[in-house]
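K.L.:
Right, I'll just put the structure down here and ask away after.
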Amino acid sequence: MPVIRTQFFKKDTAKYISHLDLIRTMQRSVRRADIPVEYSKGFNPHSKIAYGPALAVGLSSDGEFLDMELKERMEETEFIKRLNASLPAGLGVTAAEYIPDGAPSLSVIINAAEYRITGRTETTEQNVGQRIRKFFALDDVLIERTDKRGREKKLNIMPMIVEVEKIEVADGQVVIEVIIDTGSKSNLKPTDLTGALERHTGLLLEETGIHRKRLLVRRGGGYLPPLRVYD
Amino acid sequence: MTAKDIEGLLNRVEKPARYAGGEYNSVYKNTEDLGIRFAFAFPDVYEIAMSHLGLRILYYLLNEREDTWCERVFAPWTDMEALMKQKGIPLFALESRDPVSGFDFLGFTLQYEMGYSNVVNMLSLAGIPVLSSEREDGQPFVIGGGPCAYNAEPLADIFDFFVLGEGEEVLTPILDTYRSWKEKGGTRQEFLERVALIEGVYVPSLYNVEYREDGTVKSVLPTDARFFKRINKVIVKDLDRAFFPEKIIVPFMDIVHDRIMLEIFRGCTRGCRFCQAGMVYRPVREKSPQVLAEQAERLIKNTGYEEVSLASLSTSDYTHLEPLVKTLISAHGNKGVGLSLPSLRIDSFSLDLIKEIQKVRKTGLTFAPEAGTQRLRDVINKGVTEEDLMDSVGAAFSAGYNNVKLYFMVGLPSETKEDIEGIADLVYKVVDKYYATDRENRGRGLKVTVSTSCFVPKPFTPFQWQPQDKIDIFRAKQETLRKRLKHRNISYNWHQPETSYLEAVFARGDRKLSKVLIRAWELGCRFDGWKEHFDFAKWQRAFEDCGVDPDFYAVRKRDYDEVLPWDHINVGVSREFLKRENERAKKGSTTPHCREGCINCGIMELFGGGVCDASY
């Protein structure tokens, strides 16, 4: 069966929907678009769509991914056109390509994500930039996390920060761009990072200010877009 | 801060999709071209409100008008309410996020009495005076419809007017009247006096209520001879030609009934004596299977929903059920679209039909014997036998079903200890039936869920004169069942009797209850239908503070010669018929359902012949 890998965005009102809501919304949009999606067998058939790592409620993103299994091939451009015509405002497809048989799933390959974090500051700009840089230079920043058994444990978030790409402070606005571990093996929640950042720098980050630019495949010191990773 | 920028708030509340709007098929219009802003209000939280079929129909009906934008407004959950108060954000419509205080109409659908405190709370959050007498020019008209509008006397001081019957028929003349009044620039009072002349509109402030010394109603009379002495409900006469939307809003978040509801008929041919819906939605009017198949086709195409549910008061009474089910399944089954049939009756339940549905999607099965003994089932005219139930569950178990829900009521008129024990006996017979089913056919692991609700006597039913059980009697009956239904395959749920008591007070209440309602809201009551928010002590205090005895409404038996607070409303079913049925109930004699012969309920006198599909 052909599998089409699809990149989409989630923003505006659509960012307030949970991952489960997204799955339902996508399933219905695909039916409206009359895309020949494959259904699972059994008493409660559902369309065969697999997603990359879930995005938290309230966060926007330009680089989400899903793999959809089709009963028959259709033109990629036609697929994008029909699906976009059926998606609610705030969701939209930006690219789609068929992946070869046996290509690994999104959850296997995706291991990082690039975020843009915005915030405000009232102190002098020089200081803030320095404090942020100092924070990212720390070796250990511990946060509390509850494990699956409900036990509290301390976790060092610094090894999960892959790369700080940008720290910009201008007119009281702070913009930080950062790549962090994302996925089933190692996962840093962006809100855990912003929480720690606020505690260490006194920065006020906007409630609506976390944006996932894209999900990534990190390999051998470089980054690849998930759309073209077939092995 | 205005509602336009609620973004910051949405990240701080549970389920922000309740307030975000923007769902697929929601309607957005340019406000500059509009004559009428209408807020369709449901006094409960989003997931309940969005499940309501009436909202789905009327939202699109109103938005068909070029001069009108109908938006939605629901009760914010307590976390959102707290934030709105803190930031000074008034109640806003989901689509435009404009405050509803600037709208022309705020139209509440009144589905259950326990939503009344939310109505008051929503008005207050909107900054609209709670009492209709205190509203001024430029403020919206607060109007109400739905089943509770048939006896809306407890809300008489709060609403400007009520719509009795089916909104499809009456909303258009109301809005037309409004436009011509608004263009001429009249007073509020002038509009109310004009709208009161429309069939199906009840303006409570144009009627005076007098009471007797014992607190019962003496008379309800119009303040002027121009107004109707009795207000008739209005109905859609031909459902095939009635407005039905081709699309519905597809919510992002999970709602209670997250599926297409295909309305197969209105009204009910059964005359269950406790059931208000079965009386007030008469006459029976069916939609043809051709029209339904077309509507299903378009709704599936325009929504992408994976499930269609056939909506009515008693699905298996639909004349063309089998062909309709077969048509829908063959047309949509291969696209993963399932079909659900709620409200199936026990007696006409067919194994073929189950097998047909099961091809696509397996749903749980619900049966409602309502009472535990044949004697009591005859009293309430339920018209099903133990044999019917056993045949049906037997067929279901053989088809592999292992999850069955059984609904009963406690506190029905004339109920004895035997009837309560009878509920438990019947449940165990269902369990035995499962174990008697061939091992190879039955599903593994039986689960029987038993729910008992507390009987609430409702207006416009044969039991409208009957007293309700007292709270401690309900509790004793529930305790008996709790002890008897301890079994690994059975789980037993029961309703809080305090809630049902309050429901009984307001269901048959009069205008004296308006002040109690407002007092209870002042004391903090809201979301009374939600266990975690219902606070009976506050309600008791509200009754005390207002000097009103709730027992007068709930547990008092009425005589036939008493003027009932809703006697000036005509739902079509006559008082004589209800009295006759109450007398038959006392004798335990049943009344055949309408298709076996017209029982002269009175509906034909109101609407003339040819309207009721049950009579030929």
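K.L.:
Give me the angle, in degrees from 0 to 90, between the Cα long axis of helix A:125-137 and the longest principal axis of the Cα atoms of chain A, rounded to the nearest 10.
P.N.:
70
K.L.:
Could I ask something else about it? Using only helices, what value at 222 nm comes out for chain B when you add -39,500 (n - 2.57) per DSSP H run of length 4 or more and divide by the total residues, to the nearest 500 deg cm²/dmol?
P.N.:
-10500 deg cm²/dmol, from helical runs alone.
K.L.:
Between B:Glu387 and B:His533, what is 0.36 nm times their sequence separation minus the Cα-Cα distance? Round to one decimal in nm.
P.N.:
48.4 nm
K.L.:
At a threshold of 8 angstrom on Cα-Cα distance, excluding pairs fewer than six apart, so keeping six or more, what relative contact order does region B:3-232 reach in percent?
P.N.:
15
K.L.:
Tell me, what is the FRET efficiency for B:Ala82 and B:Lys486 to the nearest 0.05, using R0 = 41 angstrom and their Cβ-Cβ distance as r?
P.N.:
Computed FRET efficiency for B:Ala82 and B:Lys486 comes out at 0.50.
K.L.:
Using a cut-off of under 18 Å, list every residue of region B:1-41 whose amide N is near the label point 7 Å from the Cα of A:Ala85 along the Cα-to-beta-carbon line.
P.N.:
B:24-25
K.L.:
Just flag the trypsin sites (Lys or Arg not before Pro) in region A:178-231 sitting in loop per DSSP whose Cβ has no more than 11 other Cβ atoms within 10 Å.
P.N.:
Sparse-neighbourhood loop trypsin sites (Lys or Arg not before Pro): A:Lys185.
K.L.:
Quick one: Cα centre-to-centre distance for region A:135-166 and region A:66-96, in angstrom?
P.N.:
37
K.L.:
OK, next. Would you mind calculating the relative contact order of chain A from Cα pairs under 8 angstrom and at least 6 residues apart, reporting the percent as a whole number?
P.N.:
26 percent.
K.L.:
Can you list the chymotrypsin sites (Phe, Trp or Tyr not before Pro) in region A:19-106 that are in a DSSP coil and have 12 or fewer other beta carbons within 10 angstrom?
P.N.:
Answer by residue number: A:Phe43.
K.L.:
By the gyration tensor of its Cα atoms, with a ≥ b ≥ c the square roots of the eigenvalues, what is the shape of the protein assembly as shown: rounded for a/c under 1.5, prolate for a/b over b/c, or oblate?
P.N.:
Because a/c hits 1.5 or more and a/b exceeds b/c, the protein assembly as shown counts as prolate.
K.L.:
Okay, next question. Share of Cα-Cα pairs in region B:10-117 beyond 18 Å, in percent?
P.N.:
Across region B:10-117, Cα pairs with separations above 18 Å total 48 percent.
K.L.:
Over chain B, what is the relative contact order in whole percent, taking alpha-carbon pairs under 8 Å and six or more residues apart?
P.N.:
Relative contact order here is 14 percent.
K.L.:
Please say if region A:3-108 is rounded, prolate or oblate, where rounded means a/c under 1.5 for a ≥ b ≥ c the square roots of the C-alpha gyration tensor eigenvalues, and otherwise the choice is prolate for a/b larger than b/c and oblate otherwise?
P.N.:
Taking the square roots of the gyration eigenvalues as a ≥ b ≥ c, region A:3-108 is rounded.
K.L.:
Once amide H atoms are built 1.01 Å from N in the peptide plane, which residues 5 or more positions from B:Val450, or in another chain, come under 5 Å H to H?
P.N.:
Under 5 Å from the amide H of B:Val450: B:Leu406, B:Ser491, B:Tyr492, B:Asn493.
K.L.:
Sort out for me the Cα centre separation of region B:102-134 from region B:515-575, rounded to whole Å.
P.N.:
Region B:102-134 and region B:515-575 have Cα centres spaced 17 Å from each other.
K.L.:
Then there's this: Calculate one ³J(HN,Hα) per residue across region B:373-384 by plugging θ = phi - 60° into the Karplus curve 6.51 cos²θ - 1.76 cosθ + 1.60, and present them in order as whole Hz with x for glycine and proline.
P.N.:
10, 5, 4, 6, 5, 6, 4, 8, 6, 6, x, 10
K.L.:
May I ask you to work out the translational diffusion coefficient for chain B at 4 °C, viscosity 1.567 mPa s, via Stokes-Einstein with Rh from the Kirkwood sum over Cα pairs, reported in whole µm²/s?
P.N.:
51
K.L.:
What ranking do B:168-176, A:130-138 get when scored by the average of other Cβ atoms within 10 Å per residue, highest first?
P.N.:
By packing density, highest mean first, the sequence is B:168-176, A:130-138.
K.L.:
Among A:Phe65, A:Leu22, A:Ala137, whose Cα projects farthest towards the positive end of the dipole of chain A, with charges put on the beta-carbon of Lys, Arg (+1) and Asp, Glu (-1)?
P.N.:
Farthest towards the positive pole: A:Leu22.
K.L.:
Give the long-range amide H neighbours of B:Gly372: residues separated by 5 or more places, or on another chain, with amide H under 5 Å away, using H modelled in the peptide plane at 1.01 Å from N.
P.N.:
Here the answer is B:Ile423, since their amide H atoms fall under 5 Å of that of B:Gly372.
K.L.:
Out of the GluC sites (Glu not before Pro) in region A:1-96, which ones are loop residues according to DSSP with at most 10 other C-beta atoms within 10 Å?
P.N.:
Counting only loop positions with at most 10 other Cβ atoms within 10 Å, the GluC sites (Glu not before Pro) in region A:1-96 are A:Glu72, A:Glu75.
K.L.:
Ordered by residue, what ³J(HN,Hα) values in Hz, to whole numbers, does region B:125-131 give under the Karplus form 6.51 cos²θ - 1.76 cosθ + 1.60, where θ = phi - 60° and Gly and Pro are x?
P.N.:
Coupling constants for region B:125-131: 5, 7, x, 9, x, 5, 8 Hz.
K.L.:
In debye, nearest 20: dipole of chain B around its Cα centre with unit charges on the Cβ of K, R (+) and D, E (-)?
P.N.:
Result for chain B is approximately 1380 debye, rounded to the nearest 20.
K.L.:
Now for a different question. Give me a comma-separated list of calculated 3J(HN,Hα) values for region B:390-400, in order, Karplus coefficients 6.51, -1.76, 1.60 applied at θ = phi - 60°, integers in Hz, x for any Gly or Pro.
P.N.:
So the Karplus estimates, Gly and Pro as x, are 5, 4, 5, 5, x, 4, 5, 4, 5, 8, x Hz.
K.L.:
Amide H neighbours of B:Ser309 under 5 Å, at least 5 residues apart or on other chains, H built in the peptide plane: list them.
P.N.:
Residues meeting the criterion, in which the H sits 1.01 Å from N, are B:Ile260, B:Met261, B:Leu262, B:Ser340.
K.L.:
Going toward the positive end of the dipole of chain B, with +1 on Lys and Arg Cβ and -1 on Asp and Glu Cβ, which of B:Val284, B:Val548, B:Ser205 do you reach last?
P.N.:
In chain B, that residue is B:Val284.
K.L.:
Under a crude label model (7 Å from the Cα following the beta-carbon direction), how far is A:Glu152 from A:Leu138 in nanometres?
P.N.:
Output for this residue pair reads 1.8 nm.
K.L.:
Using Cα centres only, tell me the gap between region B:235-262 and region B:183-213 in whole Å.
P.N.:
31
Bear in mind that the values in this text are calculations on the coordinates, not laboratory data. Treat the numbers as computed from the prediction; the structure is a model and nothing was measured. Counting neighbours? That spans all protein chains shown, and the Cβs are built from the backbone with ideal geometry, glycine included.
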